[in-house]
Amino acid sequence: MPPTPLPPQTRLTGTQIQYFIVCPTKLWLFSHKISMEHTSDIVKMGKAIHETSYSRENKEKVIDSRIAIDFVKRGDALILHEVKKSRRLEKAHRFQLLYYLYYLKRAKGIIAEGVIDYPAERHKTEVTLSEEAENEIESTIQKINAIIQQQEPPKAEKKRYCRKCSYFQLCWA
């Protein structure tokens, strides 16, 4: 399938996809240039895991300033790898990687597979872009754009991981 230009509203980042799954308020704040990750010890720990794991791999492939793939392996198929700290937010990790696969297919005509690596847990999760997954990503993109276009952030909802979030003070102070 030849690549087709993606409309601007489709050109999101993997972080925005992940934040939508985790918390729409966090998505809105991040998308409106309110960034708190630099204050988070959890983010620092995740970066350390990323930097020290898979040291033989050529890391951080950035495509169109939109997606940042942790590392890529080539064999019978092109396999994108995302390295994560734990499976606690696995659904968000899955959607992020599905978006990368979707973006590469639609914008670049590249068909790939994906793996989420959890080195601390010695676990891997395979991710495949099925037709159903493509539909889910397209629906997610529409919902993300609707949230981003709002004048104010969505009302924060208390979740089990709020206390560890770098945006906690903005939502609950």
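Considering region 141-152, and only residues there that are of a type outside the set (Asp, Glu) and over 20 Å from the mean Cα position of the chain (by Cα), the residue that is surrounded by the fewest Cβ atoms within 10 Å (Cβ to Cβ) turns out to be 151. Pairs only if they're at least six apart or on different chains, beta carbon under 6 angstrom, first in region 69-82 and among the aromatic types (Phe, Trp, Tyr), second at pLDDT 90 or above and part of a strand (DSSP E or B); list them, first residue then second. Note: pairs meeting the criteria are 71/81.
Residue under question is residue 97, and the condition is that it be farther than 25 Å from residue 172 by Cβ and at pLDDT 85 or above; does it hold? Judged against the criteria, residue 97 is a match. Please work out if residue 112 is touching a helix residue (DSSP H, G or I) at 6+ places or on another chain (Cβ under 6 Å), of a type in the set (Gly, Ala, Ser) and closer than 15 Å to residue 17 by Cα. When the stated conditions are applied, residue 112 does not pass them. When the helices (runs of 4 or more DSSP H) confined to region 76-173 are screened for residues that are closer than 26 Å to residue 65 by Cβ and not basic (Lys, Arg), those reaching at least 3 such residues are found at 90-103, 131-148. Under the condition of being in contact with a strand residue (DSSP E or B) (Cβ under 7 Å, 6 or more places away or on another chain) and within 16 Å of residue 122 (Cα to Cα), the residues counted in region 67-89 number 6. Of all residues in region 116-132, those that are surrounded by 11 or more Cβ atoms within 10 Å (Cβ to Cβ) have Cβ atoms under 7 Å from Cβ atoms of residues that are assigned to a strand (DSSP E or B) and hydroxyl-bearing (Ser, Thr, Tyr), 6 or more apart or on another chain, in 116/125.
The values are calculated or read from the model by the stated rules, or taken from the named source; none is laboratory data. If you're wondering where the values come from, they're calculated on a predicted model, not measured in any experiment. Using ideal geometry, Cβ is built from the backbone for each residue, glycine included, and neighbour counts are taken over all protein chains shown.
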